[in-house]
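The values are calculated or read from the model by the stated rules, or taken from the named source; none is laboratory data. Quantities reported herein were computed from a predicted structural model and do not represent experimental measurements. Reconstructed Cβ throughout: ideal geometry from the backbone, glycine too, with neighbour counts over all protein chains shown. The accessibility values were calculated without ligands, DNA or RNA, using every heavy atom of the protein model including side chains. Shrake-Rupley method; radii C 1.70, N 1.55, O 1.52, S 1.80 Å.
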Amino acid sequence: MSDVVAIRDLTKSYGDVRAVDGISFTVGAGEVFGLVGPNGAGKTTTWEILEGLRQADRGEVFVAGVDMRKDRRKLHERIGVQLQATALFERLTARETLEVFGGMYPKHLPADDLLKLVNLEEKADDWTEKLSGGQKQRLAVALALVNDPDVVFLDEPTTGLDPQARRSLWDVIAKLRDTGKTIMLTTHYMEEAERLCHRVGVMDHGKILALDEPGELIRKLQQRDAIEFAVDGDSKPFGTLPGVDEMRVEDGRVTLYTRELERTLTGVFDDARRRGLLVEDLHVRNASLEDVFLQLTGRRIRE
Ligand code: ATP
């Protein structure tokens with residue numbers, strides 16, 4: 001796989017704030033690469049540098065064969081960008097919007113093909129002001145594709161959408177992935193990264209803490225199951241049950257991480273019975289990317 005994006009030792013500060021702190025990675029052609037992290041982690045700054053909208057203080061940046069230190073202007077025709085907030089002309093229809101933006105490029109895709117790709121054919125003749133939040137976001141993704149780019153940047157495309165709208169945007173991104181485009185995605189939603197991305201970088205305070213396939217990240221960092229439940233008494237003794245690696249208590253719910261699921265589970269029920277406690281609403285789940293983030297940073301992603 002040839003590299004479409006390559007950055008080395010990328011660094012950017014705003015005054016005293018080091019927004020991006022010496023990060024390096026490469027992304028291959030056709031790959032969906034995700035950067036996940038909380039607000040202020042440095043994701044948008046990284047994307048803006050890769051998109052040619054900001055200049056790095058230090059580091060090498062190559063995107064779609066363009067050396068960003070030399071030839072930033074050439075980039076325009078090779079990439080597509082969906083920004084966190086896209087301003088649409090309210091009194092243009094969805095189709096007209098794509099035609100107007102398409103007209104800015106020598107080579108552009110037909111509006112109707114793009115509307116089909118983002119599942120908006122039925123809204124082609126509606127003014128953009130009539131579109132729902134999710135539909136507007138899908139139109140913003142179509143706008144990012146109008147010049148048939150090699151690399152598409154999506155910056156938190158599903159933030160603020162309800163679960164249903166988020167899912168329909170996931171369908172669109174999955175379709176896009178199947179067309180073989182290189183997709184660069186930032187998100188707060190671990191589930192989104194797990195579902196859509198071939199590889200994920202976990203970013204916090206300007207640094208990439210881990211980078212791998214989602215399944216590998218979970219396997220390397222966790223190899224654990226999580227038992228979650230509520231209990232009507234002292235939860236502390238559960239932390240010392242056989243097999244328990246770590247215990248977290250949050251909002252009255254206990255989470256036990258274990259590498260010996262059966263032993264720990266039996267232990268929970270035996271211990272509760274012995275102490276006359278009621279264990280309720282018990283779930284067992286595999287470790288997720290959210291757990292990986294928690295383990296790497298000690299925080300939940302949306303605290
Ligand atoms: P979010 O999820 O909120 O978009 P992010 O991970 O994209 O966050 P950035 O927007 O890159 O993070 O911000 C990284 C850090 O840089 C934050 O501390 C932020 O406050 C700061 N920052 C971002 N843009 C600017 C700016 N134009 N001027 C000053 N500081 C900035």
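Residues checked against (1) in the same structural domain as HIS205 (by TED's automatic domain parsing); (2) in contact (Cβ under 8 Å) with a residue 60 or more places away in the chain; (3) more than 19 Å from the chain's Cα centre (by Cα); (4) within 14 Å of the ligand (Cβ to nearest atom):
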site	(1), (2), (3), (4)
ASP16	yes, no, yes, yes
ASP21	yes, yes, yes, yes
GLY28	yes, yes, no, no
GLU31	yes, yes, no, no
GLY34	yes, yes, no, yes
LYS43	yes, yes, no, yes
LEU53	yes, no, yes, yes
ARG58	yes, no, yes, no
VAL61	yes, no, yes, no
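If you go through the stretch 225-270 and keep only what is of a type in the set (Phe, Trp, Tyr) and under 21 Å from LEU289 (Cα atoms), you end up with PHE229, TYR257. Annotation: GLY180 fulfils all but one of (1) part of a loop (DSSP other than H, G, I, E, B); (2) in contact with a strand residue (DSSP E or B) (Cβ under 7 Å, 6 or more places away or on another chain); (3) assigned by TED's automatic domain parsing to the domain that holds ALA29; the unmet one is (2).
For the stretch 187-303, which helices (runs of 4 or more DSSP H) that fit wholly inside it have 1 or more residues that are open to solvent by 40 Å² or more (accessible area, probe 1.4 Å) and modelled with pLDDT of 85 or more?
Values: elements: 190-196, 214-221, 261-275, 289-297.
So the answer is 190-196, 214-221, 261-275.
Go through the residues of the stretch 148-155 one by one and say whether even a single one is farther than 24 Å from GLY40 by Cα and part of a helix (DSSP H, G or I). No, because not a single residue in the stretch 148-155 is farther than 24 Å from GLY40 by Cα and part of a helix (DSSP H, G or I). Scanning the stretch 84-103 for residues that are in contact (Cβ under 8 Å) with a residue 24 or more places away in the chain and open to solvent by 80 Å² or more (accessible area, probe 1.4 Å) yields GLN84, PHE89, GLU90, ARG91. The residues of the stretch 70-128 that are under 18 Å from ILE49 (Cα atoms) and among the basic types (Lys, Arg), listed by number, are LYS70, ARG72, ARG73, LYS74, ARG78. All conditions but one from (1) more than 16 Å from the ligand (Cβ to nearest atom); (2) closer than 24 Å to LEU176 by Cα apply to MET68; the one that does not is (2).
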